[in-house]
Amino acid sequence: MNKRLIRPGSRLDHLAAMIQPSYSTIWDCCCDHGHLGMRLLKERCADQVIFVDLLENIMAALATKLALDFPQDQYSYQVRCDDIKNIQVPAQESQLFIIAGVGPHQTIEFIDSLCASAPDTVFDLLICSVHGNYAVRQALINQGYRLREERIVFDKNRFYEAIYLSKSADQPLVETGQQMWNWADPVHRDYWHRAVGHYQQKAKKDPAQFLPIIKRYELLRDSISQTGQHPTTASTLLPAS
Ligand SMILES: C[S@@+](CC[C@H](N)C(=O)[O-])C[C@H]1O[C@@H](n2cnc3c(N)ncnc32)[C@H](O)[C@@H]1O
């Protein structure tokens with residue numbers, strides 16, 4: 001078996017480390033080569049792992065690899081070649097859906113589709129969109145999600161937000177992020193500048209939509225850098241993309 005499926009300190013390594021075991025089922029949505037799901041299978045973070053992706057050739061190769069490295073008499077898993085939007089969330093307790101490595105519009109589409117498929121079933125989410133986190137967080141807030149843990153991840157010269165959510169978690173979810181920010185960390189300050197720079201570009205075309213978002217990030221920075229405290233107000237919904 002490949003001993004090291006995931007590079008230490010990488011985005012996928014952070015995602016794996018955030019998950020609090022144990023779930024009955026973890027769904028590795030948009031799994032691609034399945035590295036994250038295989039790591040979770042190996043660490044027995046769930047009774048079973050379900051791998052889902054659209055790509056037939058990748059899923060066939062994954063099925064072959066799993067058969068070699070994870071004997072079915074020792075590990076429980078399924079390989080599904082399907083669109084995430086076709087998944088009907090089963091009425092089952094203790095499930096985690098991971099959506100990582102796709103853009104914000106797809107991420108939101110998948111979150112909304114999973115929630116709509118089973119309005120009475122609660123399940124946890126681990127989200128890591130490639131960008132556009134303000135809008136992703138708004139969608140999660142609209143679906144009633146609260147925060148378990150969030151991290152700023154810097155990997156291969158790109159920034160990500162890793163967001164672990166549950167509807168029964170203690171902390172509210174905030175569009176700008178909250179507990180993940182450590183203003184003493186220059187990497188986090190760099191991320192803040194990049195995020196604000198992105199919305200400043202967008203505000204040139206659509207100031208009504210994006211200037212309020214910039215204001216939210218500025219308030220966050222002022223609050224953390226001056227008082228060391230995160231703003232604790234419940235989030236005010238603002239439009240974003
Ligand atoms: C860049 S990979 C992400 C792999 C892994 N989750 C990660 O974070 O590194 C994106 C994957 O999403 C899959 N994908 C895109 N749209 C999908 C959909 N509607 N349903 C299932 N998989 C999809 C693609 O086939 C691709 O393998």
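Where a number appears in this text, it was derived from the coordinates with a stated rule and is not lab data. Small disclaimer: the values here were computed from a predicted structure and weren't measured. Using ideal geometry, Cβ is built from the backbone for each residue, glycine included, and neighbour counts are taken over all protein chains shown.
Sequence-ordered 3J(HN,Hα) estimates for the range 77-83 from the Karplus curve with 6.51, -1.76 and 1.60 and θ = phi - 60° stand at 7, 10, 10, 10, 8, 7, 7 Hz, glycine and proline given as x. Across the options 169, 9, 78, the greatest Cα extent toward the positive end of the charge dipole of the chain (unit charges at beta carbon of Lys, Arg, Asp, Glu) belongs to 9. Sites listed here are trypsin sites (Lys or Arg not before Pro) in the range 165-208 whose DSSP assignment is loop and whose Cβ has at most 16 other Cβ atoms within 10 Å: 167. Amide H to amide H, with H built 1.01 Å from N, residue 77 comes under 5 Å of 49, counting only residues 5 or more places away or on other chains. In order along the range 93-99, phi translates into HN-Hα couplings of 7, 6, 10, 10, 10, 9, 10 Hz, rounded to whole numbers, per the Karplus curve 6.51 cos²θ - 1.76 cosθ + 1.60 with θ = phi - 60° and x for Gly and Pro.
With respect to the chain, whose longest principal axis is taken over its alpha-carbon atoms, helix 207-227 is tilted by about 90°. Cross-link reach is defined here as a Cα-Cα straight distance under 18 Å, omitting same-chain residues fewer than 8 places apart; for residue 215 the lysines meeting it are 202, 204, 205. Over the chain, what relative contact order in percent results from Cα pairs under 8 Å that are six or more residues apart? Relative contact order of the chain: 14 percent. Sorted from greatest to least, the principal axis extents spanned by the alpha carbons of the range 19-85 come out as 29, 27, 16 Å. Remark: the range 178-188, residue by residue, has Karplus-estimated 3J(HN,Hα) of 9, 5, 6, 7, 10, 5, 6, 8, x, 5, 5 Hz, where x stands for each Gly or Pro and the curve is 6.51 cos²θ - 1.76 cosθ + 1.60 at θ = phi - 60°. Relative to the longest principal axis of the Cα atoms of the chain, the long axis of helix 133-142 lies at roughly 80 degrees. Using alpha carbons only, the radius of gyration of the chain set against its Kirkwood radius gives Rg/Rh = 0.98. Taking the Cα centre of the chain as origin and assigning +1 to Lys and Arg Cβ atoms and -1 to Asp and Glu Cβ atoms, the resulting dipole is close to 780 debye. For the chain, the longest principal axis of the alpha carbon atoms and the long axis of helix 56-69 meet at an angle near 60°. Cross-link reach is defined here as a Cα-Cα straight distance under 20 Å, omitting same-chain residues fewer than 8 places apart; for residue 42 the lysines meeting it are 3, 65. Note on the range 13-31 and the range 153-190: Cα centroid distance 18 Å, given to the nearest whole angstrom.
The stretch between residue 20 and residue 43, if pulled fully straight at 0.36 nm per residue, gains 7.1 nm over its current Cα-Cα span. Sorting 84-96, 27-39, 133-145 by average packing, meaning the other beta carbons within 10 Å per residue, from highest down gives 27-39, 133-145, 84-96.
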